[in-house]
Amino acid sequence: QTGPYLQYSSVRIQSILKDQTIDLNEVSPKLFTEDHYFEVVKWIAQFPSVIRRAQEGNTPNLIARYTLSLAQAFNSFYGKQRIITDDVVQRNTNLYFVKAIQIVINEGLRILGIKALEEM
């Protein structure tokens, strides 16, 4: 439960996205039917309120715990869902989804003063 784990999760996403192009015309959130998608979506949706609560209470540990939980949810998701698939819409949707996860993790790292890495 450390900064390097969060950095590792971001780097893992970066390795998935490397050499991939996301075609936003080929993305469909209707594909988010499995529970493992929903679990990550719930975590992403909480980000603004976590930031607000951390700011109001001067408690950056809320951001640290939240970012760790999101990284754990991503790693669980990654173990259940093949990201790069032959189906163009599924592949683009998955890539867009993991990019969104990476953005939130990296923003959490930035707020905590931890550098997001591109490789480890």
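A dipole drawn for segment 58-120 from +1 and -1 charges on Cβ atoms has a positive end, and of N94, L62, V104 the residue lying farthest that way is L62.
Among the GluC sites (Glu not before Pro) in segment 1-71, those located in a DSSP loop and surrounded by at most 11 other Cβ atoms within 10 Å of their own Cβ are E34. Per residue, the solvent-accessible area of the chain (1.4 Å probe, heavy atoms of protein chains only, all protein chains present) comes to 60 Å². At the residue level, K115 shows approximately 150 square angstrom of accessible surface with a 1.4 angstrom probe and all protein chains present.
Of the residues R110, R53, R12, the one with the largest accessible area comes first in the ranking R110, R53, R12, computed with a 1.4 Å probe on protein heavy atoms. Accessible surface of the chain, 1.4 Å probe: 51 percent of it comes from carbon and sulfur atoms.
The values are calculated or read from the model by the stated rules, or taken from the named source; none is laboratory data. Predicted, not measured: the structure shown is a model, and the values here were computed from it. No Cβ is skipped: glycine too gets one built from the backbone with ideal geometry, and neighbour counts run over all protein chains shown. Just the protein is used for accessible areas: all its heavy atoms, side chains included, with ligands, DNA and RNA removed. Shrake-Rupley method; radii C 1.70, N 1.55, O 1.52, S 1.80 Å.
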